[in-house]
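Please treat every number below as a calculation from the coordinates, not as lab data. Just so it is clear, the structure is predicted and the values come from calculations on it, not from any experiment. A quick note on method: Cβ atoms are made from the backbone with ideal geometry, for glycine too, and the neighbour counts reach across all protein chains shown.
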Amino acid sequence: MDLTFNAEERAFEQEVRDFIATNLTPEMKRATALTPSVFSDPDIGMTWQRALHKKGWGAPGWPAGHGGPDWTPSQRWIFEAESARAGVPNVNVMGVKMVGPVIIGFGSPEQKNFICRKFSPARITGARAIPSRAPAPTSPR
C-alpha cells in the first residue's frame, strides 16, 4: 500500500501551511499554548474560526452542502496534522467536530436545516440543544 501524498495533496499541504503562516498570530499561538483544555479562549478561538470560515474551511469535516469544504480523508488529515504542528486554536470542539457531524449524519431535515442556519461555522460559540419533534424516550422502570 502506497501512503505517500500525490502532487495535488502536497500542493494542498503547502496551501494549509501558507494559510496558517498568514493567519495564526503570535498572540493566538501563545494563548493556545497556555490553554489547559481542548476549549480555546473564546476570543482567540472565534478569531481563528472566522479566519477559517472566510477561507471556506470553517467546518473541516462537514460536507459542502452543509457549509464544509468537502475534503477528502487525505486533505482532512493534512489539515489536522498541520494545524496541530503549528499550534492553532481548537475550532469549536462541541459544535463543529461533534454535534454538527452527528446531526448532519443522523438528524431530521429540520435539525439539519437548524445546523446550517444556527451552527454556521462563523457563528458557533458552543454546543446548544437542538429541539426535536420526537418525544423524549422514556426509561422502563
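Tabulated results
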{"read-out": "Centroid-to-centroid separation of region 21-52 and region 67-85 [C-alpha atoms, Å]", "value": "18 Å"}
{"read-out": "Distance (nanometres) between label positions extended 7 Å along Cα→Cβ at MET94 and GLU8", "value": "3.8 nm"}
{"read-out": "Point-charge dipole on Cβ atoms (K/R +1, D/E -1) for region 7-91, about Cα centre, debye to 20", "value": "160 debye"}
{"read-out": "Cα extents of region 1-86 along the three principal axes, largest first (Å)", "value": "40, 28, 23"}
{"read-out": "Net charge of Cβ neighbours under 15 Å - reference PRO69; Lys, Arg +1; Asp, Glu -1", "value": "-3"}
{"read-out": "Difference of contour (0.36 nm per residue) and Cα-Cα distance, LYS54 to THR35", "value": "4.4 nm"}
{"read-out": "Extension gain from GLU80 to ASP18, taking 0.36 nm per residue of separation minus the Cα-Cα distance", "value": "20.9 nm"}
